[in-house]
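Participant: Quick one: structure below, then a few questions.
The values are calculated or read from the model by the stated rules, or taken from the named source; none is laboratory data. Note that this is a predicted model, so its numbers are computed, not measured. Ideal geometry is used to build each Cβ from the backbone, glycine not excepted, and the neighbour counts take in all protein chains shown.
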Amino acid sequence: MYTNMVRIRKFEVKLTDCFTKGMLAGNIHTSVGQEATAVGACKALEKRDFIAATHRGHGHCIAKGAKTDIMMAELFGKVTGYCRGKGGSMHVADVSLGILGANGIVGAGIPIATGSGLTSKIKGTDEVTLAFFGDSASNQGTFHESINMAAAWKLPVVYLCENNQYGVSVNIHTVTNTDTIAVRAKAYDIPGVTVDGNNPLEVYEAVKKAVEYAREGNGPSLVECMTFRMRGHYEGDPAAYRPKEVTEEWRKKDPIDTFRAYLLNQSIDEKELIAIEEEMDKEIEAANQFAQESPYPDASEVTLDVYVSDNERSVAR
Amino acid sequence: MKKMSVSHAIREGMHEEMLRDENVIMVGEDLGTMGSPFAITQGFLDEFGPNRVIETPISESSFTGMSVGAAMRGIRPVVELMYVDFISVAMDPVMNQAAKMRYMTGGQVHVPMVVRAPMGSGRRNAGQHSQCLETLFTHIPGLKVVCPSTAADAKGLIKAAIRDDDPVIFLEHKLLYAAKGDVPEGEHVIPLGVADVKREGKDVTIITWSRQVFFALDAAKELEKEGIDVEVIDLRSLVPLDWETIKKSVSKTHNVVVVQEGVKRSGFAGEISAQIMEELFDELDAPVERVAALNTVAPFSPTLEDVFFPQVDDIVKAVKKVVNLK
């Protein structure tokens, strides 16, 4: 888990570097500070399980097995990327890894994950699908509609709310009456729990329980992970809307620092951790180089893959 | 040939596809015991069970989004919206998810789903239950849009739509459900993107779809009495569009009227008109004329509604205008 957390952090820090240097276009939403949630949750999943990620989804995808070089290439708009450069940061997908895609629309992944759960039920297979979404997405209608259906039909879905407390600039408590999002589980008569989203072990335990519950045919659960994004909503956002003290307080709870300290406390040799960190440095550097050196898609690709059949005619008029 | 209503034809087409492919499922409101408000899925629940006939809560946004997720995993959902007007609350899964998923994943996935929706005016359903919204869908790359007019077409096209690997919006006119027509027996599939010339003529081409096909044919009969020979093209599908049939006809008649039931502004008739002007200008003897509903809300009162959307007379007048007859 430590490896993947460091991998995500270094991947995203590299992105912020590149963005500052003007090398990256578009919107880059980093999950710096939220790595423990992505990694703990995906650790509880099997390879055959599925996830739906969010616009802040780099961590989700890496934790589910996406390769950093192919992801980096996608973010640079290169043809070697996961989506041939057509999706970008908010749309990394690899269905063969069970990644049903990150999504640029807040709350849109929730019904998609529900449909994946429905599919497992229809086919009689035992995959579990986990929907990542933020605290703000929990105020979309899709949250209520989807969990209601999944609960009614006992679909094998884990609804995982990454509560980083801010929807862009708006504090969740100014737009929501309840202390937690998990309390809403009562309304659907499903299990709901709030855990420390900066502690990967706690996230893992909670999600594992929810996954087992779903796999056994009992239906969905709601797992809320309390966390904090340490950077702005997107790169270039100074996040001046958040009190400095709050940010500082959460900085002390940096999931990688705290997990590192925990591991050292568990008598793990620091050399091992340093080796992991150096290995990740190398991996991300190589990923960056791969992305830089990869070609852009040919202009002819602009109308490719809009349709499966009759594409040429259907894009012509 | 077997005579049956449009609703029966759609039901039969879907039934055959459900028997043929176990991945085909039905999703929507009141599909079970009631068999859908227009009786399209009657008996399906008993025959195929609740795993394949998913009777949903009133949650259009999420049951449509759920169908996108299922389609990404190999299911072929046929989603029914009770009225196309309700797409307003389910537009995200259609336009941002289903339509874009293939392209945005670089061709990794496809979304083989059909969204069926009754549409149309003339049933005194007022503004939120009477619209023709083809344009919302034709404007979004990634969607295919089908609008059958006859029982045979409805059956052949719904089967093609279900087999198609792209998201298909299948728009059924409410006032055509009861209309009976001959449907070929045995396997009957009509490929998407093939128009049907309903009537050949040499003076003017009327291009239309859905219920207005019958209005156009009635107009053609009246115009025949005045010596105007009208060709009527039923597009059947708007995306993909059968341009070859349009081109051939326009090159023959040199006069065009495009008829749509929906409101005129930004309608698909305008799109066809523009394409003809751009590419077939030299073939035209007169500017392309559009006949469409007024740019207003579909009214409830019968007298108002009949003024609102195109009637046979409106088409007759438009044809006379392009051929310069009073």
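Participant: Answer yes or no: is there a residue in region B:167-178 that is assigned by TED's automatic domain parsing to the domain that holds B:V288, out of contact with any Leu (no Cβ under 7 Å at 6 or more places or on another chain) and closer than 27 Å to B:G65 by Cα.
Facilitator: No, the conditions are met nowhere in region B:167-178.
Residue-wise test of (1) under 16 Å from the mean Cα position of the chain (by Cα); (2) surrounded by 20 or more Cβ atoms within 10 Å (Cβ to Cβ); (3) modelled with pLDDT of 95 or more.
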{"position": "A:I8", "(1), (2), (3)": "yes, yes, yes"}
{"position": "A:K43", "(1), (2), (3)": "yes, no, yes"}
{"position": "A:D49", "(1), (2), (3)": "yes, yes, yes"}
{"position": "A:G57", "(1), (2), (3)": "yes, yes, no"}
{"position": "A:A63", "(1), (2), (3)": "yes, yes, yes"}
{"position": "A:A73", "(1), (2), (3)": "no, yes, yes"}
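Participant: Hey, another quick one. Filter region A:149-183 down to residues that are in contact with a Phe, Trp or Tyr (Cβ under 6 Å, 6 or more places away or on another chain) and either small (G, A, S) or farther than 24 Å from A:E46 by Cβ (or both), then give me how many there are.
Facilitator: Matching residues across region A:149-183 total 3.
Participant: Something else: Mind checking which residues of region B:236-262 are in a helix (DSSP H, G or I), more than 14 Å from chain A (Cβ to nearest Cβ) and among the polar types (S, T, N, Q)?
Facilitator: Those that are in a helix (DSSP H, G or I), more than 14 Å from chain A (Cβ to nearest Cβ) and among the polar types (S, T, N, Q): B:S249, B:S251, B:T253.
Participant: Being closer than 30 Å to B:A298 by Cβ, touching a Gly at 6+ places or on another chain (Cβ under 8 Å) and facing chain A (nearest Cβ under 10 Å): is that true of B:T56 here?
Facilitator: Yes, satisfied.
Participant: Please verify whether B:L81 is closer than 28 Å to A:H91 by Cβ and more than 14 Å from chain A (Cβ to nearest Cβ), treating the condition exactly as stated.
Facilitator: Taking the combined requirement at face value, the residue satisfies it.
Participant: Next up: How many residues are of a type outside the set (G, A, S), touching a strand residue (DSSP E or B) at 6+ places or on another chain (Cβ under 6 Å) and either farther than 30 Å from B:A126 by Cα or in contact (Cβ under 8 Å) with a residue 40 or more places away in the chain (or both) if we restrict to region B:292-320?
Facilitator: Residues that pass the stated criteria total 5.
Participant: Surrounded by fewer than 14 Cβ atoms within 10 Å (Cβ to Cβ) and more than 21 Å from the chain's Cα centre (by Cα): does that describe B:E278?
Facilitator: Here the answer is yes, as B:E278 does meet what is asked.
Participant: Restricting to region A:204-237, count the residues that are of a type in the set (D, E), under 16 Å from A:C42 (Cα atoms) and either modelled with pLDDT under 95 or out of contact with any helix residue (DSSP H, G or I) (no Cβ under 6 Å at 6 or more places or on another chain) (or both).
Facilitator: So the count comes out to 2.
Participant: Would you confirm whether any residue within region B:191-199 is touching a Gly at 6+ places or on another chain (Cβ under 9 Å) and either crowded, with 22+ Cβ neighbours inside 10 Å or more than 18 Å from B:A9 (Cα to Cα) (or both)?
Facilitator: Checked against the condition, which is being touching a Gly at 6+ places or on another chain (Cβ under 9 Å) and either crowded, with 22+ Cβ neighbours inside 10 Å or more than 18 Å from B:A9 (Cα to Cα) (or both), region B:191-199 yields no hits at all.
Participant: Can you name every residue in region A:1-43 that is polar (S, T, N, Q) and outside any helix (DSSP H, G or I)?
Facilitator: Those that are polar (S, T, N, Q) and outside any helix (DSSP H, G or I): A:N27, A:T30, A:S31, A:Q34.
Participant: How many residues are part of a loop (DSSP other than H, G, I, E, B), on the phi < 0 side of the Ramachandran plot and out of contact with any Asp or Glu (no Cβ under 7 Å at 6 or more places or on another chain) if we restrict to region A:44-94?
Facilitator: 17
Participant: Looking at (1) under 18 Å from the mean Cα position of the chain (by Cα); (2) more than 29 Å from B:A99 (Cα to Cα); (3) of a type in the set (A, V, I, L, M), which is the only condition B:I190 fails?
Facilitator: (2)
Residue by residue, here is whether (1) in the same structural domain as B:M91 (by TED's automatic domain parsing); (2) under 19 Å from A:K121 (Cα atoms); (3) not charged (D, E, K, R) holds:
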residue: B:T33; (1), (2), (3): yes, no, yes
residue: B:Q42; (1), (2), (3): yes, no, yes
residue: B:L45; (1), (2), (3): yes, yes, yes
residue: B:R52; (1), (2), (3): yes, yes, no
residue: B:I58; (1), (2), (3): yes, no, yes
residue: B:F63; (1), (2), (3): yes, yes, yes
residue: B:S67; (1), (2), (3): yes, yes, yes
residue: B:G74; (1), (2), (3): yes, yes, yes
residue: B:V78; (1), (2), (3): yes, yes, yes
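Participant: Kindly check whether there is at least one residue in region A:29-39 that is touching a strand residue (DSSP E or B) at 6+ places or on another chain (Cβ under 7 Å) and either surrounded by fewer than 24 Cβ atoms within 10 Å (Cβ to Cβ) or at pLDDT below 95 (or both).
Facilitator: No.
Participant: Continuing with this model, one more query. Within region B:122-139, is even one residue within 12 Å of the chain's Cα centre (by Cα), surrounded by fewer than 23 Cβ atoms within 10 Å (Cβ to Cβ), within 14 Å of chain A (Cβ to nearest Cβ) and of a type outside the set (A, V, I, L, M, F, W, C)?
Facilitator: yes
Participant: Wholly within region A:224-317, which helices (runs of 4 or more DSSP H) include no fewer than the required count, namely at least 3 residues that are more than 14 Å from chain B (Cβ to nearest Cβ)?
Facilitator: The qualifying helices (runs of 4 or more DSSP H) are A:244-251, A:255-265, A:270-293.
Participant: Against the definition (closer than 30 Å to A:L118 by Cα and buried (at least 18 other Cβ atoms within 10 Å of the Cβ)), how does A:I190 come out, yes or no?
Facilitator: So A:I190 fits the description; yes.
Participant: With the requirement that a residue be away from every other protein chain (no Cβ under 13 Å), under 20 Å from B:A71 (Cβ atoms) and in contact with a helix residue (DSSP H, G or I) (Cβ under 8 Å, 6 or more places away or on another chain), what does region B:19-39 give you?
Facilitator: Listed by number, the list holds a single entry, B:L31.
Participant: A further question follows. Output the residue which, of all residues in region B:95-121 that are more than 11 Å from every other protein chain (Cβ to nearest Cβ) and not hydroxyl-bearing (S, T, Y), is farthest from B:E172 (Cα to Cα).
Facilitator: That would be B:V114.
Participant: Pairs needed: first member in region A:136-163, within 12 Å of another protein chain (Cβ to nearest Cβ); second member anywhere, surrounded by fewer than 24 Cβ atoms within 10 Å (Cβ to Cβ) and aromatic (F, W, Y); C-beta distance under 9 Å; at least 6 residues apart or different chains.
Facilitator: A:H144/A:Y188; A:I147/A:Y188; A:N148/A:Y188; A:A150/A:Y188; A:A151/A:Y188; A:A152/A:Y188
Participant: Another one. Which one of these is among the hydrophobic types (A, V, I, L, M, F, W, C), farther than 18 Å from B:H139 by Cβ and in a strand (DSSP E or B): B:I315, B:I233?
Facilitator: Exactly one residue qualifies, and that residue is B:I233.
Participant: Considering only region A:95-117, state which residues are in contact with a strand residue (DSSP E or B) (Cβ under 7 Å, 6 or more places away or on another chain), more than 7 Å from chain B (Cβ to nearest Cβ) and assigned to a helix (DSSP H, G or I).
Facilitator: Residues satisfying the conditions are A:G109, A:I110, A:G117.
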